[in-house]
Amino acid sequence: AQSVTQLDSQVPVFEEAPVELRCNYSSSVSVYLFWYVQYPNQGLQLLLKYLSGSTLVESINGFEAEFNKSQTSFHLRKPSVHISDTAEYFCAVLTQGGSEKLVFGKGTKLTVNP
Amino acid sequence: EPEVTQTPSHQVTQMGQEVILRCVPISNHLYFYWYRQILGQKVEFLVSFYNNEISEKSEIFDDQFSVERPDGSNFTLKIRSTKLEDSAMYFCASSGRTSGNLGQFFGPGTRLTVL
């Protein structure tokens, strides 16, 4: 069975600082990887995904994540955060060629302070 | 931009009552899902639905739960006899092809409170 660990439940940072939100997964088979973001009082929005190919994937709002198979990680990074990035971020995995079930981590609450 | 919608946003019910949570997936999507998130816990998969039948369900999805696509646009989750532990945020999601291709798109959720 797959599992996802997000090591930090809360990450406070100052505006314009860099940030890394960590995600590690466990799976005996190949997986697809996703990051979702949940802004206050809203649903889950797909931020970016790794399906195949280049291990570095980017979103339209400056976030990027790198798939590292040897370390079974998919950390999310942004070089300079804005107040508007304050949200909860969820890492999720999906088994390749099998179940349609997304398995989520517990989430990391990112708070960007002025 | 098309989006998944859910109604109601918040539902309060008495233990033992039946509830129906409603979702309108993105119009050309073929795969539909329900997830739930108990306060302070992970988002958990409940069920997936494709071609008018359940394709996968979790251990949580017992006989108290059922899903239906009553028409071409709605997708519902019914809980027959609610329990206190059913209190959670319920998310509907849809995808156009298998999730490994495009990812799943989520609605804003329905907060269910069982008293």
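The values are calculated or read from the model by the stated rules, or taken from the named source; none is laboratory data. Here the structure is a predicted model, which is why all the values come from computation and not from measurement. Cβ coordinates were reconstructed from backbone atoms using ideal geometry, including for glycine residues, and neighbour counts include every protein chain displayed. Ligands, DNA and RNA are excluded from the accessible area calculation, which covers all protein heavy atoms including side chains. Shrake-Rupley method; radii C 1.70, N 1.55, O 1.52, S 1.80 Å.
How long is the gain from B:S58 to B:K83 if the chain were fully straight, where each residue apart is worth 0.36 nm and the alpha carbon distance is subtracted?
Stretched fully, the B:S58-B:K83 segment lengthens by 7.2 nm.
As a test, work out the antiparallel percent of DSSP beta bridges whose residues both lie in the protein assembly as shown, rounded to the nearest 5.
Around 90 percent of the beta bridges assigned by DSSP in the protein assembly as shown are antiparallel ones.
When only DSSP loop residues count, what chymotrypsin sites (Phe, Trp or Tyr not before Pro) in segment B:43-89 have their Cβ near at most 14 other Cβ atoms within 10 Å?
none
Amide H to amide H under 5 Å from B:T5: which residues, 5+ apart in sequence or cross-chain, H placed 1.01 Å off N in plane?
B:V24
Do any trypsin sites (Lys or Arg not before Pro) in segment A:1-108 lie in a loop, going by DSSP, with at most 12 other beta-carbon atoms within 10 Å of their beta carbon, and if so which?
Filter output for segment A:1-108: A:K69.
Between A:T55 and A:S28, what FRET efficiency comes out of the Förster formula 1/(1 + (r/R0)^6) with R0 = 22 Å and r the beta carbon distance, rounded to 0.05?
Efficiency, rounded to the nearest 0.05: 0.65.
At a probe radius of 1.4 Å, what is the per-residue accessible area of B:H10, in Å² to the nearest 10?
Looks like 100 Å² after rounding.
Determine the shielding of peptide B:61-72 by partner chains: average, over its residues, the number of Cβ atoms on other chains within 10 angstrom of each Cβ.
Whole-number average of other-chain Cβ neighbours for B:61-72 is 0.
With runs of 4+ DSSP H residues as the only contributors, calculate the mean residue ellipticity of the protein assembly as shown at 222 nm using -39,500 (n - 2.57) per run, divided by the residue total and rounded to the nearest 500. All intermediate terms of the calculation are to be shown ahead of the outcome.
Working: 1 runs with 4 residues, N = 229.
Helices in the protein assembly as shown give a 222 nm mean residue ellipticity of 0 deg cm²/dmol.
Can you tell me the length gained on complete extension of the stretch B:Q41 to B:T5, counting 0.36 nm per residue apart and subtracting the Cα distance?
The span from B:Q41 to B:T5 would gain 10.7 nm if fully extended.
Given a cut-off of 18 Å, name the pairs among A:K109/B:K57; A:K49/A:K101; A:K109/B:K42; A:K78/A:K106 whose C-alpha atoms lie farther apart than that in the structure shown.
Too far apart for the 18 Å limit: A:K109/B:K57; A:K78/A:K106.
Find the relative contact order for segment A:68-114 and round it to a whole percent, using C-alpha pairs within less than 8 Å whose residues are 6+ positions apart.
Reported as a whole number, the value is 39 percent.
In terms of modelled amide H atoms, which long-range or inter-chain residues lie less than 5 Å from the amide H of B:T113?
Those lying under 5 Å, H to H, from B:T113 are B:Q11, B:V12, B:T13.
Just to confirm my numbers, what's the Cα centroid distance between segment A:56-114 and segment B:24-65 in Å?
Value for the Cα centre distance between the two parts: 22 Å.
Please list, or write none, the aspartates and glutamates whose alpha carbon is within less than 17 Å of the alpha carbon of B:K83, excluding same-chain residues fewer than 8 places away.
By straight Cα distance, B:K83 reaches B:E18, B:E59, B:D62, B:D63.
Could you grab the relative contact order for segment A:3-113? Cα pairs under 8 Å, six or more apart, rounded to a whole percent. Please report the intermediate quantities before stating the final value.
Details: 267 pairs, mean separation 42.4, N = 111.
About 38 percent, as a whole number.
What does the structure give for A:34-46 when I average, per residue, the other chain Cβ atoms found within 10 Å of the residue Cβ?
4
Excluding the sites themselves, what is the longest stretch of chain B that contains no GluC sites (Glu not before Pro) in a DSSP loop with at most 12 other C-beta atoms within 10 Å?
The reported range is B:60-115.
Would you mind getting the Kirkwood hydrodynamic radius of segment A:1-58 from its Cα pairs, rounded to one decimal in Å?
So the Kirkwood estimate lands at 13.8 Å.
Averaged over peptide A:86-99, how many Cβ atoms belonging to another chain are found within 10 Å of each residue's Cβ?
2
Which residues' amide hydrogens lie under 5 Å from the amide hydrogen of A:T111, considering only partners 5 or more residues apart or on another chain, with H built in the peptide plane?
Under 5 Å from the amide H of A:T111 lie the amide H atoms of A:V11, A:V13, each far enough along the sequence or on another chain.
Of the beta bridges DSSP finds with both residues in chain B, what % are antiparallel, to the nearest 5? Walk me through the intermediate numbers first.
Details: 35 of 39 bridges.
Roughly 90 percent of the DSSP beta bridges within chain B come out antiparallel.
Taking the convex hull of the alpha carbon atoms in chain A, what volume per residue do you get, in Å³?
Dividing the Cα hull volume of chain A by its residue count gives 99 Å³.
Let me check against my output: what whole-number percent is the relative contact order of segment B:5-114, with C-alpha pairs under 8 Å and at least 6 apart?
38
If the viscosity is 1.002 mPa s and the temperature 20 °C, what Stokes-Einstein diffusion coefficient in µm²/s follows for the protein assembly as shown when Rh is the Kirkwood radius over Cα pairs?
D = 118 µm²/s.
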